[in-house]
Each structure stands twice: as structure tokens, then as C-alpha cells.
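The values are calculated or read from the model by the stated rules, or taken from the named source; none is laboratory data. Here the structure is a predicted model, which is why all the values come from computation and not from measurement. Cβ placement follows ideal geometry from the backbone for every residue including glycine, while neighbour counts extend to all protein chains displayed. Heads up: the accessible areas ignore ligands, DNA and RNA and are worked out on the full protein's heavy atoms, side chains in. Shrake-Rupley method; radii C 1.70, N 1.55, O 1.52, S 1.80 Å.
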Amino acid sequence: MNIKFIKNDKFKSNSITLNIPMDLDEKVTDLNLVTEMIKVGSKKYDSFKKLYSKLQEMYGAQFDCYLNKHGEVVIFTIYISFLKDKYIIENISLWKEVIDFLYEIFYNTLNDGNCFKKDFLKIEKESLRSNILSLVDSKGYYAYIKCEQLATKNEPYSNYSYGNIERLDKIDEFNLYEYYENLKTLPYYFIVMGDFDEEKIKEMLSERFGDNIKKSFSTNNNKFISTPFVEEFENHEVTQTKLVINFKTDVTIFNGDYYAFFVFNCILGGGYSKLYREVRQKQSLVYYINSYYEKFKGLVSIECGVDDKNLEHTKQTILKEIDSMKNGDITDLEIENAKMSIRRLLISIHDRVSTMHSFVSPLYIFDRYIDVDEFLNNINQVTRERIIEVSKTIVKSAIFSIRPMKEVE
């Protein structure tokens, strides 16, 4: 059965997530709409008032539905957290009631027979349209997404997590309901945290969700694809240029020395990094600078804000710092600081139930799960030689910048 049990005494709540992974494509637009339609209600809880009342009956349970992009796989999730038995005065267990609620919300989403309710869908489509179109309003994030899309053109990863307008315009109450019905046939993965009787939970989930818990998910996505370098820019009404440089690597959570690469990226652009010290602090070329590692697809994106007159010099300085790392310019102090930073990040995962689920679910689904302590142990064993070796795997794939409008003479 696809059920991951994690005992946890730190919080007063139990939690459960239903996770459904699928390959990323343009139908991520449809999936975004389904997550919102599920939050509208079900046959039994056909109004916000009834839905809210039910959550209150379960001692203030919290419920959400969302999706996350992990490389070229998207994971649909329904999340519920609720009070542990020992904190309820009557000392009753809510597990069966919660699992029944989860089943009702997912399997009996509010509909008109063989389609979603048209009026509700119209509202959610306009909301999603607004989310898609508003991407350009956040200039830094827009540049980040555009650069990733340049680097992964014609690859599944290039699909924006909210979807696209062209696909949205083709969706109606009938074809979206058909998509939702198909969602029910896919493999289910459950993450269960808190206090529980494993055998009883297995029995309840099996009774409600059947053989879907036994199905396996597999994908041919998240492959390394070598592509020609490309550079583009756009002019916007901005005073500060937004620069993003993207690199590809074949080192991912599925392949290669992932833990060494994790440390490499932290030294390069995480916190008080090489890029921060050289490009921001020493040369004062940028207002901010960070690097991000997409561990499922194998992408590294360096983003910064810069005065346009310093754009070319900034690009060359960043590339020079990467070359210096490839040539062995990495100190023991930088390695130790990076490991300490990663340690703080991983320990903070335990601070919130939701972040624990976000950490666990993709690793479990991809059969790469290890707990935080084992992860830290692997990080601690990373050596300077291993970091230098993985630094040589990155290849410059794309540069994208948003630059100020040119003055008209």
C-alpha cells in the first residue's frame, strides 16, 4: 500500500494528505481548476457554511487542496490536519471521521450530474486567468520563469505551474469534469503523521480508496536534455534590471552526487555566499543575488537585481565565480558554513506540519525518501573534492533579463 506513516509527538494535531502524481503538461491548467472546484464543496457539504460547520465539528480541523510542481511531475494534494485524541476532552478518535470527510470531498465534488456547476466554474476560471496574467506584474519572478522556460523550451518543465490562457479558454464544465473523473483512477499516495494505529488506518483507507492505493506511479520525465545556449531580454517599465542566468546539470535527486551538489549550490548562492560576497558586497554590482537548485529536473537559476549599466559586467563576474569553483577555489570555511546553513534549513522543516508533508511526499512518491537525520548525515560527509567534481557538471543554458524602457530621443 502507498501509505507512509510518520510518528510525531511535537504537534497537537494529526494530519493526512492524499497525493496524486502525474506527468506535467498543459493540462496543469485543468488541474488548477479541479483543486479550486474541490474546495467549493461536495454533495454533502454543498455550501461554504456546511463545509465550515463540518470542519468545526471535527474540533477545528483544517482542510486545503493544492498542487506542487516537482521537476516535470505535478502532485495534486488534499491536506487535512485535526486534533489528536489526547487533546479532545471526550478522548475520541477523529481518524474515521476525517478519512470519511476526505473521501466525500474528493469523490463527490459538487456537480450537476456529468459536469461541474457552470456558475462556480466561471468564477474559478476568471480567478485562474487573473493568476496567470498577473505573473508579469512580479518582475523578478517573471524573469525567473521566463529564463527557465527558455532553458527548457519544448520540454514538459516549460509549462507554467498555473497553466496557460490558451488551454484555459478550451475548458468547460463538461471536459473538466471528465478530467476530474480520470484523476480518480490514478495511483494514490497517503502521508499520515501524528498518533495512530497503523493497521486501523490501513484498513480504513483501503476500505474507502480501494486498489488505487496499490497502484504505482512511474514517469519518463525529468531527463537531462542538452540544449543550445539562448539569451533574450524584454523592456519593461522598470528602474532596476532583473537578471536570471540558468544552468543545466545531470545531477538530480535521481542521478549523480546529489548531496555534493546541494552543498555546491549553497556555497555558490545561498545566504552569505560566494556570489553575495563578490558581486554584492565587494563590487556592489547588484541589489540582491541568490541561486536556486531544482533538484528534480536539474536546473540552477541565479537571479539578481542590477543597474542596467552594470548588466554585462555582472554577467561576466557571476560566470567567473562559477569557473573559479570549478578550478577548486573553495575553502574549508565555505564548506562548513554551507553545511551549517543546510542543517538549519532541514531542522526548520520540523517546525510546521505542512512543511513536513511538502518535504516527505515527493521523496516518498519517487521512492527517494530518507528522514532529515539521514539527509544531514549525507550532507556532513560531502568533501571538497566531491563539490569541485559536481561543479563541473553545470552548463550555461539561458540568460533572460528585464531591462528599463529605452529613452526616445
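For the chain, the solvent-accessible area of protein heavy atoms averages 47 Å² per residue (probe radius 1.4 Å; ligands and nucleic acids excluded).
Over the stretch 280-358, Cα pairs under 8 Å with separation of 6+ residues give a relative contact order of 17 percent.
Rounded to the nearest 20 debye, the dipole magnitude of the chain is 460 debye, with +1 charges on Lys and Arg beta carbons, -1 on Asp and Glu beta carbons, and the Cα centre as origin.
Partners of residue 125 within straight-line reach, counting lysines whose Cα lies under 18 Å from its Cα and excluding those fewer than 8 residues away in the same chain: 27, 39, 117, 170. Between 0 and 90 degrees, the angle of helix 258-269 with respect to the longest Cα principal axis of the chain falls at about 60 degrees.
Farthest toward the dipole's positive end in the stretch 174-239, which of 205, 239, 193, given Cβ charges of +1 (Lys, Arg) and -1 (Asp, Glu) about the Cα centre? Farthest along the dipole direction, towards plus: 205. Across the chain, the mean sequence separation of Cα contacts (distance under 8 Å, 6 or more residues apart), normalised by length, yields a relative contact order of 22 percent.
Taking Cα atoms of the stretch 48-116, Rg/Rh with Kirkwood Rh, to two decimals? Let's see the in-between values first.
Working: Rg = 14.8 Å, Rh = 14.0 Å.
Rg/Rh for the stretch 48-116 comes to 1.06.
For an R0 of 51 angstrom, estimate the FRET efficiency from the Cβ-Cβ distance between residue 195 and residue 133 and round to the nearest 0.05. Working from the Cβ atoms, E equals 0.70.
Could you tell me which of the pairs 139/248; 4/54; 84/215; 139/297; 43/146 are separated by over 32 angstrom between their Cα atoms in the structure shown?
Values: 139/248 23 Å; 4/54 26 Å; 84/215 30 Å; 139/297 24 Å; 43/146 41 Å.
Going by Cα-Cα distance, 43/146 fall outside the 32 Å limit.
Note on the chain: with neighbouring protein chains present and a 1.4 Å probe, carbon and sulfur make up 48 percent of its accessible heavy-atom surface.
What is the Cα radius of gyration of the chain over 2.2 N^0.38 Å, N being its residue count? Walk me through the numbers on the way to the answer.
On the way: Rg = 23.4 Å, N = 409, 2.2 N^0.38 = 21.6 Å.
Ratio of Cα Rg to 2.2 N^0.38 Å: 1.08.
Taking a ≥ b ≥ c as the square roots of the Cα gyration tensor eigenvalues, with a/c under 1.5 meaning rounded and otherwise prolate when a/b beats b/c, else oblate, which class fits the stretch 1-75? Before the final figure, lay out the partial values.
Details: a/c = 2.76, a/b = 1.19, b/c = 2.31.
Oblate.
When the Cα convex hull of the stretch 296-409 is projected onto planes of every orientation, the mean area is 10.5 nm².
When only Cα pairs below 8 angstrom with a gap of at least 6 residues are kept, the stretch 109-252 shows a relative contact order of 32 percent.
Indicate the gyration tensor shape class of the stretch 322-369 (rounded, prolate or oblate), computed on the Cα atoms with a ≥ b ≥ c the square roots of the eigenvalues: a/c under 1.5 is rounded; otherwise a/b larger than b/c is prolate and the rest oblate.
Details: a/c = 4.22, a/b = 1.95, b/c = 2.16.
The shape class here is oblate.
Helix-only mean residue ellipticity at 222 nm, the chain, DSSP H runs n ≥ 4 weighted -39,500 (n - 2.57), per residue, nearest 500. What is it?
Working: 14 runs with 169 residues, N = 409.
Helices in the chain give a 222 nm mean residue ellipticity of -13000 deg cm²/dmol.
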